[in-house]
Each structure stands twice: as C-alpha cells, then as structure tokens.
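**Student:** Got a structure here, written out as structure tokens. Questions coming.
The numbers here are math on the coordinates, done by the rules we state, and not lab data. Note that the structure is a prediction, hence the values are computed from the model and not measured. In this analysis, Cβ positions are derived from the backbone assuming ideal geometry, glycine residues included, and neighbour counts consider all displayed protein chains.
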Amino acid sequence: MSPRTRLLSAGALLTATLLTPACRPPGSRAAAASATSPAASTYVAPGAKDQFYLFYSGGHSGQVYVAGLPSMRHIATIPVFARYPATGYGYDEESRKMLGEFTWGDMHHPGLSQTDGRYDGRWLFVNDNANNRVARIDLRDFKTRQILGPIPNSSGTHGSSFVTENTEYVLVATRFSIPLPKGRYADPQRYEAEFSGMVSGLAVDPKSGTLSVGWQILTPPFNWDLGSTGKGPSSGWAFWTSYNSEMAGTGLEANATRLDRDYAAIVNWRAAEQAIKDGKGTLTGGVPMIDPAKVPGVMYFLPVPKSPHGIDTDPSGRWIVASGKLQPVASVFDFEKIRQAIDRHEFTGNVRGVPVLNYEALLEGDVPVGLGPLHTQYDGKGNAYTSLFVESAVAKWRLPPWSPEDRKDLNKVVLDKIPVHYNIGHLVIGGSDTREPYGQYLVAMNKLSKGRHVSVGPSQPESSELIDITGSKMGLLAEAFTEPEPHFAQILKADRITPIEVYPKGENHDADAVWSADQTGITRTGNKVVVKMMAIRSKFVPDVIEAHAGDEITIHLTNVEQTTDMIHGLGIVEHDMNVVVDPGETKTVRFKANKTGVYPFYCTNFCSALHQEMQGYLAVKP
Ligand SMILES: [Cu+2]
C-alpha cells in the first residue's frame, strides 16, 4: 500500500468511524480498525476516553505529565518539584513547605505502587536527581502529597524510583558519590579513597504512603544508574547497574570507560532490613547505615558489559537483563544461578569487601540486539524489547529458555526491529515491572529530538512514538509531542483507579475551614491579620481585607463548592500570589503586606458566568 493510499484509507475509516452512532466502549473500535489503519487505531472519538494513563517524567521541568493512551493526548500536568501557577502549587503554605529551599528538581523515573507485584493504583513515586529527593503523588487526586529529602548521605538520587512488590520500600541508588558525612570536604583527586555512593531503602507507610528513610547501604564510588526490583525467585532482591567501576573522580568521559566491565549491584533488601533490626547499622547522618563489608549477605557485585544504563527484571522474576550502551548486546542472567552462586560462595574476589560474582559462569547469553542498547521492557509473553540509542530503534527478542540451536547463534532470538525517528532513550510497556504486563502498547521516548515538528527555534520539541506490540511484528501507530525531557514512564489501566472529583466536606479537617458566610471573618492580633475566606460562585467573602503596611496576612481560603470542576483561584495583583482551591478544599497563604495602596484580588480560575465579577480588594494603609 503506498503512503498515499494508506492515508486515504485512514481518512475513509475515520469518516466511517465518525458517522457510526453506536456507543461502543473505547478501544473496541480501535482494535477493530488497527489491522488496517494506524491512525484509526489511536483515534479516540470525541466523548470517548483513553484506555490507559501514561505518566511520564518531565526531567528538569520537575513535573510529571499525564497523557492518555492510545490517543497520546496530554491531559494533565502534576507539579512536583517546581511551582506551577495553573494549580497554585508552590504558593500556598503546604506546598511551599514541601518545595523547601528549592525552585526546581530534575525528575527521572516514576514508579507506581504495587500490591502482590501488580499496580494497585494508589501512589506514584518520582525522584529528583538534582536535590536528592523522592516525592509521592496520590492517585486519588493526582496531587503531590510528600517530598522527602534531601536524603542524608546521598547525592544524585538517579537510580530511583524502584518500588518493591508490596510497596514496602522505594529503593534509591546514587548517581554521584561524595565524601561522607555530607558537608565534609575532600579533594576530588582523592575520589577513590574518600568518596562513597549509597543505596537507600525509603520505607513506605502501608496506610498513608508516607515515605521515610529506613536504612542505607554504603557503596564504592561507582555511578549507580537504573535498576529494578525482584519478584518470584528474586523476591526480596533489587538490582542496579553502574558505570565508573574505574572509580575515576574527573574526566569521566574517558576515565570511566576504560574497563570492559562495570558492576551491577545485587542487593538483598530483606537482608538489609533484617540487619538493621538486628542492630548492625551505624547511625550516619541520622540514618542507620550498613557497611556491606561488615554485614555479609546484603550486597554482591556482578560484572556486566561496560557503561550500562539499566538492569531490568522480567515479569517472572527469573531473568535479569543488563545492557551496556558501549556494547551491542543485552546480557541475560538467570537469577536462580546467581542465587546458587551466592549460596555456594562462588566469588572471584571483592571490591571494598563486597563479593564479586563470576560473569562468565553466570551469563545466560549475550543477545545481539543492536547498537547502543539502553533499557529493556517486557510484554509478559516471553518477549523483551530493548531501546537502541545509537541505532534509533527498538529490538524485540525472546527471553530464555533457549534451545541448543538458539544458543549457537543468539541472532535467532532477535525477532523484530522497528526504527524510531530519533535517538531513543527510555521505553515503556504497561506493567513491565509487574507480574502481569499489559503487553498492548510500547511507548518509545526520545533522547535527542530530530525535527519531528514544525520549528519553534533552536530547541526542537521532544517526541514519543506509540508502537503496537500485539502482533509478531511491531507496528508504529502514532507520534506525539512530549514535554522535555521524557525520562521513563509508567502506564496504568484507566479503570484501575477512580480519582475523586470533589473533596468531601466531611473529610476537610482544616481548623480554619469555613462553610458559610457567617463563619468567615478577619481577626487582628498585633500586626498579624488572619482572614477566613470563602470562595463560592461568584464571590469571595469577605471581599475587602484592610491592613497596615508591615502586617503579616494569613488567608485561609475554602472553596465550599461540592460540584465537579468548580474550581476557584485567588490571585492578588502585584503580590506574586496565586492560590487555587478545588471543591471542598482549604488552602492557606501567608505574606507580608509591604506596600501601601489598594490591590485588587480576583478569581483566577474561570468558574461561572459571573466569574469576571469575582473580585475584591486588599486595602493597605500607611
Ligand atoms: Cu471563581
């Protein structure tokens, strides 16, 4: 079929789809059409909804972006590590406190909470590589509810956020190493002797999701990269790759790529947890820390191809796959053999007292996937998909067990390869890190954008491509703009969660909430002015705040609405203040009335036909 006829037939199908009045569930139409038309298979008709959420990290924008799949439409921005006036995030007291002293974060790898190795739809965890933090988003309301950190003894929380099977922990490994304790000076030329990395177990409260630093494991100053958690036979274990086994402090481009192998960490996190319970940790920076040289059984090193970017556990928990971007193979290891080698103490040596496993003995096979392999995802049907940065492609290949014929030439297990139109970095299949991947779509995310959109100047818009993985061959379905920079993502079935649409009044326990005009008011104590304000279509009560220059003003604003999407904002002119309250929500803002004069405030979020009339005055006397 020529591109032109393909386009024409796609158009014809779209027309037919639009003319069909039947109310089929979303997706059924797409599935019916996918055999003939990529465009129709991602088309979500007006009024229909997407089947999946795509949560992808926005890199140094500090935000999580939410798209629908298969439409790839951007449907929400969840502010996490940076202010976001659209939702008033970072202006009210609670979110300002969470952001602390930082105005940005470098968000990398989102991880969904799990129960019994499956997504449970409760929380999404994200890390900040720049300021050593991990945040929790509640999927009940798609809002950031906690930012933990800076995490003690850690620098560059890049190897995160990896969630254990029952969300016991969010596991974190450091990209950078520093002299410990944090704040101590040491000459970077003495890197190998003075610097250390860290693996952290952030404990998650099973009811509230609250994160706290549970324990840490000291590591040599390798640069830890992405990892994964175990399940099945590898339950209770976690894995990270690293680069810089050379332990070079400077000139990493050359100095950290000299050796043929780097180390993956094989961490028994249950053993670490037990060691802490047994008092084997040393309190460092307020955190119980394990030195793995003194506490055997907690950490092992496994050599893997040089300069890898990740190690991914398959859905069975038996196969772990590491890819070295400077070698054209995906290395497959059998965790059952790793476990046996550990039990039998079959080590080739140690690094800083951590036993090193035998690469040659444990390697199941090097699959020749292609150039620049980075990350691997799984479809739950025995297939793996590896992103190829240099080759700008995704390779599909078959996991073991392999036949003796396969083993003679592992090219035979490489089943398909699909080009993507940029240098690919991360890729995601829904549920790849769980026991039950969805196995329907793969989203391939770009690292270097390649002119895929009309020009908007020197910085080219990023993009992601949606790939159908239901057939024996992969099929490119669609491409969409994605916010920069897409670092990994998670896909969640839309019917797995039921987000709230209003905050029930009964759940609002804010002592300063007001629900009717007679509860509102202004009180003054010395130079402190406290306003209890109500927002309702289409007014603020009270709508005049009198103050004197120098007063500290606190406004507790309650949106008393209990109607879906009836949101109000409070923007104060020339005061750098904008708070947004959802129905049933109370937020507090605090600021100094530094300037005399009369400053209008108004509702910033369109709310009704009389929205424009929703305003008031902050009147500041000399
Ligand atoms: Cu309003």
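**Student:** Once Rh is set to the Kirkwood radius over Cα pairs, what Stokes-Einstein translational diffusion coefficient, in µm²/s, holds for the stretch 368-500 at a temperature of 25 °C and a viscosity of 0.890 mPa s?
**Tutor:** Value of D from the Cα-based Kirkwood radius: 157 µm²/s.
**Student:** A further question follows. Excluding VAL394 itself, calculate the net charge of residues whose Cβ lies under 11 Å from the Cβ of VAL394, where each Lys or Arg counts +1 and each Asp or Glu counts -1.
**Tutor:** Charge balance in the 11 Å sphere: -1.
**Student:** Could you sort out which of LYS505/LYS621; LYS539/LYS595; LYS97/LYS277; LYS396/LYS447; LYS306/LYS337; LYS408/LYS450 sit more than 27 Å apart by Cα distance in this structure?
**Tutor:** Checking Cα-Cα distances, LYS505/LYS621; LYS97/LYS277; LYS408/LYS450 exceed 27 Å.
**Student:** If Lys and Arg each add +1 and Asp and Glu each add -1, what is the summed charge of the other residues whose beta carbon sits under 12 Å from the beta carbon of LEU363?
**Tutor:** Overall, the nearby charge balance is -1.
**Student:** Next question. Could you line up TYR503, TYR422, TYR185 from fewest to most neighbouring Cβ atoms inside 10 Å?
**Tutor:** Ranked by crowding around the Cβ, least crowded first: TYR185, TYR503, TYR422.
**Student:** Using per-residue counts of other Cβ atoms within 10 Å, averaged over each peptide, order 307-313, 45-51, 402-408, 569-575 from highest down.
**Tutor:** 307-313, 569-575, 45-51, 402-408
**Student:** Given the rule -39500 (n - 2.57) for each run of at least 4 DSSP H residues, summed and divided by the residues of the chain, what is its mean residue ellipticity at 222 nm, to the nearest 500 deg cm²/dmol?
**Tutor:** -3000 deg cm²/dmol
**Student:** Can I ask one more? All other residues with a Cβ under 10 Å from the Cβ of THR115 taken together, and with Lys, Arg as +1 and Asp, Glu as -1, what is their net charge?
**Tutor:** After counting each charged neighbour, the total is -1.
**Student:** If you don't mind, there's one more thing I want to ask. Enter the Cα centre distance for the pair the stretch 55-108 and the stretch 316-341, rounded to the nearest angstrom.
**Tutor:** Rounded to whole Å, the Cα centres lie 34 Å apart.
**Student:** Let me ask another. Quantify how much of the Cα-Cα distance distribution of the stretch 281-351 extends past 14 Å, in percent.
**Tutor:** 69
**Student:** Something else about it: How would the chain be classified by its alpha-carbon gyration tensor: rounded, prolate or oblate, with rounded meaning a/c under 1.5 and the a/b versus b/c comparison settling the rest?
**Tutor:** oblate
**Student:** Using each residue's phi in the stretch 129-141, evaluate 6.51 cos²θ - 1.76 cosθ + 1.60 at θ = phi - 60° and report the 3J(HN,Hα) Karplus result to the nearest Hz, with x for Gly and Pro.
**Tutor:** Going residue by residue, I get 5, 7, 10, 6, 10, 9, 10, 10, 9, 8, 7, 6, 10 Hz, with x marking Gly and Pro.
**Student:** Quote the FRET efficiency, to the nearest 0.05, computed for TRP515 versus ALA86 with a Förster distance R0 of 25 Å and r equal to the Cβ-Cβ distance.
**Tutor:** Computed FRET efficiency for TRP515 and ALA86: 0.45.
**Student:** Further question on the same structure: Can you sort PHE335, PHE347, PHE301 from fewest to most other Cβ atoms within 10 Å of each residue's own Cβ?
**Tutor:** PHE347, PHE335, PHE301
**Student:** Here's another thing I want to ask about it. Would you please calculate the Kirkwood hydrodynamic radius of the stretch 508-621 over all C-alpha pairs and express it in Å, rounded to one decimal?
**Tutor:** Here the Kirkwood hydrodynamic radius works out to 13.9 Å.
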